[in-house]
Amino acid sequence: MATLKALRMRINSVKSTRKITQAMKMVAAAKLRRAQSQAEAARPYAERMERMLAALGQAVAGSPDAPKLLIGTGADTVHLLVVVTADRGLAGPFNTGVGRFARARIRALEAEGKTVKILSVGRKGAVYLKREFGSRFVGEISYQGRKSVGFTDAHEIAERITAMLEAGEFDVCSLIYNRFRSVITQIPSEQRLIPAPLPEATAEAATGPQALYEYEPSEEDILAALLPQNLGVQIYRAILENTAGFYGAQMNAMDSATRNAGEMINKLTLNYNRTRQANITKELIEIISGAEAL
Amino acid sequence: MAGTFQLELVSPAKLLLSRPVEMAVLPAAEGEMGVLAGHAPMIVALRGGVISVTEGGQVTERLFVAGGFAEVTPERVTVLADEATPVEQLSRSAAEARVTEAEAALAEAQLAPPEKREAAMARMLSARAMVAAAEAA
């Protein structure tokens, strides 16, 4: 049986843990709200970009000199996976979820005989995947210590990917990240970036108002500028969703940690009181039997 | 006065403007372009410059864009700007710093492949347009 002093110390330590987890939960909630509004603010741009791209893509797709970003290299042997995770932990299964998903994908691709290259965004994913797939890494990007990640950061990643494509270093590029469905659910998912998946042509689009667009300068020129931009937007969106998801996950993790600490404190307090009672009873018995012996 | 059309100005960070206006002047890649309601459908690339919005016969809003694209349809204009700031909020010193940076990048890109050089040139021109806009404000 633990001594009273040891129990008291245990209780105090769990109490301070609870304070910390509670504070972290509150901070995560505040940051979640900001990250969520940021993600929402970025949505209109992505939507309109998609619409414009759909119009353009239909006009250009099929022509043999369409840009590589749109149609890829035509081959399907080297896959580049861009894995987006958070830089920090303490968010429950958030990072491991993406990590496990990425690992399954890599294994599946390699089983098909494809070559896999990894570009990681966020420290945790790199740490998770490096032990097993260290030789496949082509780059690591981390925003640790940075307050916020802007569009320019996403654009840099996009430029890097474009340069790799131009150099013929990969054929297919996919993005693996945690899709933000709600505060409590984030789904690790994969999205293909190159070749660009053209949005399904709607019935209205197919009948042709799109074909009436005039282009200035030419369709090819606009597309050549629009595609890298689109790549940046997709990556930016993934980063924002990842941030929002991270805070959501952290909030949940810290919430349950706080609850567990509370339960633990209750149990320990009960234990402490019982022990104290037992000690008092023992002392009383000793005194009474001492008095009776006289 | 002619009718109005919906003008939407979005940057990756947020939706800056979405309301009916009478006329918008866009800094298109091949020259300034005024758009009224009922314009023929177009997709244009934008260079760095100022978008002027006219409502009620007066210029009510001037925004600097660093580049981007615009989709024009008879009843709607959507501008996808790489970066957009109201002209009043432009800072001259920030704009000049950007020109210096862009000029350095251009000098460095002299030996680079033509596409790279062109991109650096476009950035430099956009930065100069920003200085001009900041001065005019």
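Top mean-square fluctuation among B:Leu80, B:Leu15, B:Leu63, Gaussian network model of chain B, C-alpha springs under 10 Å?
Checking each option, the largest mean-square fluctuation is seen for B:Leu15.
Can you give the three extents of the C-alpha atoms in the protein assembly as shown along their principal axes, from longest to shortest, in whole Å?
115, 59, 49 Å, listed from the longest principal axis down.
Given Cα pairs under 8 Å that are at least 6 residues apart, what percent is the relative contact order of chain A?
Working: 392 pairs, mean separation 95.5, N = 294.
Once normalised by length, the contact order is 32 percent.
Taking the Cα-to-Cβ direction at B:Ser93 and at A:Glu40 and moving 7 Å from each Cα, how far apart do the two end points lie in nm?
Between B:Ser93 and A:Glu40, the simple spin-label model gives 3.6 nm.
In peptide B:38-49, how many Cβ atoms from other protein chains are near each Cβ within 10 Å, on average? Provide the component values of the computation, followed by the final result.
Numbers: counts 0, 1, 3, 7, 5, 13, 6, 9, 1, 0, 0, 0.
The per-residue average across the peptide is 4.
State, as an integer percentage, the relative contact order of segment B:46-137 based on alpha-carbon contacts under 8 Å between residues 6 or more apart. It would help to have the intermediate numbers written out before the result.
Values: 132 pairs, mean separation 27.6, N = 92.
For segment B:46-137, the relative contact order is 30 percent.
Restricted to Cα positions, what overall size does segment B:90-136 have along the principal axes? Three whole-Å values, descending.
34, 13, 9
Just name one of A:Ser135, A:Gly57, A:Leu80: the one whose Cα is farthest towards the positive end of the charge dipole of chain A (beta-carbon charges, Lys/Arg +1, Asp/Glu -1).
Result: A:Ser135, furthest along the dipole toward the positive end.
Where does the charge balance sit around B:Arg19 when Lys and Arg score +1, Asp and Glu -1, over other residues with C-beta under 13 Å from its C-beta?
Values: positive: B:Arg76; negative: B:Glu8, B:Glu22, B:Glu55, B:Glu61.
With Lys, Arg at +1 and Asp, Glu at -1, the net is -3.
Which of the lysines could be linked to A:Lys15 by a straight reach, that is with a Cα gap under 27 Å, when you skip same-chain ones fewer than 8 residues away?
Those lysines meeting the cut-off are A:Lys5, A:Lys25, A:Lys31, A:Lys267.
Given a Förster distance of 51 Å, report the FRET efficiency between A:Val183 and B:Thr4 from their Cβ-Cβ distance, rounded to the nearest 0.05. Please list the in-between numbers first.
Working: r = 40 Å, r/R0 = 0.78.
It comes to 0.80.
With the crude spin-label approximation of a point 7 Å out along Cα→Cβ, what separation in nm comes out for A:Ala291 versus A:Asp76?
Using points 7 Å along Cα→Cβ, the separation is 9.2 nm.
About the Cα centre, and with charges only on the beta carbon of Lys, Arg (+1) and Asp, Glu (-1), how big is the dipole of chain A? Nearest 20 debye, please.
2500
Going 7 Å from the Cα of A:Arg51 toward and past its Cβ, which residues in segment B:49-70 have a backbone nitrogen under 17 Å from where you end up?
Once the point is set 7 Å along Cα→Cβ of A:Arg51, B:69-70 turn out to lie under 17 Å by backbone N, inside segment B:49-70.
Under unit Cβ charges (Lys, Arg +1; Asp, Glu -1), what dipole magnitude, rounded to 20 debye, does segment B:5-87 have relative to its Cα centre?
On the way: 5 positive and 10 negative charges, 23 e Å.
Approximately 120 debye in magnitude.
Under 14 Å from a point 7 Å along the Cα-to-Cβ line of A:Arg88: which residues of segment A:121-162 have their amide N that close?
Answer for this model: A:123-124, A:143-149.
When the helix-only estimate is applied to chain B (DSSP H runs of n ≥ 4, each -39,500 (n - 2.57), divided by the residue count), what is the mean residue ellipticity at 222 nm, nearest 500 deg cm²/dmol? It would help to have the intermediate numbers written out before the result.
Values: 2 runs with 40 residues, N = 137.
So the helix-based figure for chain B works out to -10000 deg cm²/dmol.
Please compute the net charge surrounding A:Lys124, taking Lys and Arg as +1 and Asp and Glu as -1 over other residues with Cβ under 9 Å from its Cβ.
Details: positive: A:Arg88, A:Arg123; negative: A:Asp87.
Local net charge: +1.
Taking K and R as +1 and D and E as -1, what net charge do the other residues with C-beta under 13 Å from the C-beta of A:Arg103 add up to?
Working: positive: A:Arg100, A:Arg105, A:Arg107, A:Lys130, A:Arg131, A:Arg136; negative: A:Glu110, A:Glu132, A:Glu190.
Around A:Arg103, the charge tally is +3.
Residues with amide H under 5 Å of B:Leu17's amide H, sequence separation 5 or more or different chain, H placed in the peptide plane at 1.01 Å from N; which?
B:Leu9
Nearest 0.05, what FRET efficiency do A:Lys147 and A:Ala6 give at R0 = 45 Å with Cβ-Cβ as r? Spell out each step's value before the answer.
On the way: r = 43 Å, r/R0 = 0.95.
Efficiency, rounded to the nearest 0.05: 0.60.
Laboratory data are not the source of any read-out in this text; all were calculated from the coordinates shown. Just so we're clear, the structure is a prediction, and the values are computed from it rather than from any experiment. Every residue, glycine among them, receives a Cβ derived from its backbone with ideal geometry; neighbour counts consider all protein chains shown.
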